[in-house]
1. Positive end of the dipole of segment 338-382, charges at C-beta (+1 Lys, Arg; -1 Asp, Glu), about the Cα centre: which of ASN381, GLY348, PHE365 has its Cα farthest in that direction?
2. Scan segment 82-143 for trypsin sites (Lys or Arg not before Pro) in coil per DSSP, keeping those whose Cβ has at most 15 other Cβ atoms within 10 Å, and list them by number.
3. Students often forget the sequence filter, so: which lysines lie under 22 Å Cα-Cα from LYS395 once same-chain residues fewer than 8 apart are removed?
4. With each label point set 7 Å from Cα along the Cα-Cβ vector, what nm distance links ASP93 and GLN248?
5. For LYS64, list the lysines whose Cα falls under 25 Å from its own Cα; do not include residues on the same chain fewer than 8 positions away.
6. Sketch the reach of a paramagnetic label on SER394 as a point 7 Å from Cα along Cα-to-Cβ, and name the residues of segment 324-342 whose backbone nitrogen lies under 20 Å away.
7. Could you pull out which residues in segment 409-431 have an amide N less than 11 Å from a spot 7 Å beyond the Cα of SER466, following the Cα-Cβ vector?
8. Take each of the peptides 406-412, 61-67, average the number of other beta-carbon atoms within 10 Å over its residues, and list them starting from the highest.
Amino acid sequence: MNYILHIYKITLLFLSTSLLSIEVTSTQEDSSYFFYQQPEYPRDCKEARDQCSSDNLSGVYTIKPDGYAQPFEVYCNNDIASGGWTVIQRRTDGSVTFKRDWEYYKRGFGFLSNEFWIGNEKLSYLTNQAVYELRIDIVLSNGSSFNVKYNTFRISDEWSDYSLVHADVFRSNWSCIVSSCPLNMTQESCTCQSLCTDPIGQTDCYTDCVETCVPEGCLVTETNSFISNGDSFINDDCTQNCTCLDNQFICNTDYECSTDATCTVKDGIRKCYCNDGFEGNGEICIRNSFTDCYEAYQAGHTTDGVYTLLPTGWTGPAFTVFCDMTTAGGGWTVFQRRVDRVTDFYRGWNEYREGFGSQEAGNDFWLGNEKIYYLTNQKDNKLRVDIVTSGGSSKYQEYASFRIDDESTKYRLSFGSSTGTAGNYLNRCNNGGKFSTRDQDNDGCNVHDFAEGHRGAWWYNTQECSHLCTACYYSYRYCDYFETRSGCNNIASDSNLNGDYNGGNGENIFWYYSNCNLNSAEMKIRPSSV
């Protein structure tokens, strides 16, 4: 009687399930390994199948190999290749850990109904009582499946550390055993001769053609996976670009990321990728965005609209801004606009830090204090304020310098002298001021919260203009004053361009008391050198 060892569903590398099982292939009554009297139990699943011809369902059966002291249960697979397979291992779902020591693998572990290892001691007795064939059935993570058959399979005893003695896939002159290799391997070239002849004069050609599975591609040790011939692999720190040719890596050690690129993985591929604002192959990156609107203007972009900028030092992704390319020579980076009377500007600190609104023409927006900080600190800039009064008159004011500090200073404001037709109402009561919002009062006054009083967000600075921080600064109420109590009115700034479009006295959009309830306002910067 012959026995075959069969593996059905075993998890390797990228496998989702696997299993190993064996079955007798030839009768071996006089075993060269054991000589015992025939037991009353079947010796393996093939005998169990033959003894129970009326009940050949796959399941748990009791067997007792020759020489083994006690009978034990095994799982028999009778559903594939005529049945009779003794399953020695199964991996299906990771529910049983296989990272175990010698004793566990000697005795066996797991559950026959799920994941298990039969045990090396049992496997030694099983495979030494006859000649067995091994079958490995594999299901990959993508659902595809295949199997590998080994013509002979046997392991030694514990004294020899359960050494693998036979595991050959071959085809002889009498029969060609066709086996499947894993997807990352291919069958070694071999021919099945039709006659028992040997070109080198051998008379016994039983094993004249030994087949094995050889790699098809190159093994990437970092990921424990194979890539196909012709494909490339880049190592973890992007210092080598290796191409698989004839199952061997040919590596370019001069591969290096540009200073404007990052070594990272995108869509499962590791390589040098150009940073936002740049384009290229990662080794060479060319800027495809501008640091401000004036750079775009100099590059020939002279149409008003939304452009992509990447200021010096900005570590986030490139962002969009509206560029005014026509006013007073063009090249203005717009960071505030009030025109649609719809967008609410009475917002909190975080929203003013990140920005809000739509930059498309005809819409209100605030670019965001963090972006304004980087824009105004990469070079010296001038500020231009354009307003349209409630009566329809257009006015402007330009400031020779303009910048804000970072968030740790509460975006503290500084600016220079001004000229224009609107009047100098971004003045000393704003210069050096910290930005205040409805949820962050940074105006320096203990008596009033001027962001709340003016219903806006601005650089209110009563530390410079301490006279404004009084319980009752003025008895007469101008349009830029808000009432604190009956007969008492206060003001923190001569300008409030982020006020309420529909606000009452002191809460509206104003540029001094002569320009309250403005129809529109726009703030923009351009390099001072222009």
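No value in this document is a laboratory result; all are computed from the given coordinates. Since this is a predicted model, take the numbers as computed values, not measurements. When we count neighbours, we look across all protein chains shown, and the Cβ atoms used for this are built from the backbone with ideal geometry, even at glycine.
1. ASN381
2. On the way: sites: ARG90, ARG91, LYS99, ARG100, LYS106, ARG107, LYS122, ARG135; in loops: LYS99, ARG100.
Here the trypsin sites (Lys or Arg not before Pro) that fit, given the DSSP loop and packing criteria, are LYS99, ARG100.
3. Output for LYS395: LYS382, LYS524.
4. Computed distance between label sites ASP93 and GLN248 equals 4.7 nm.
5. Within reach: LYS9, LYS46, LYS106, LYS122, LYS149.
6. 324-341
7. It comes to no residues whatsoever.
8. On the way: 406-412: 15.0, 61-67: 19.6.
Answer by packing, highest mean first, reads 61-67, 406-412.
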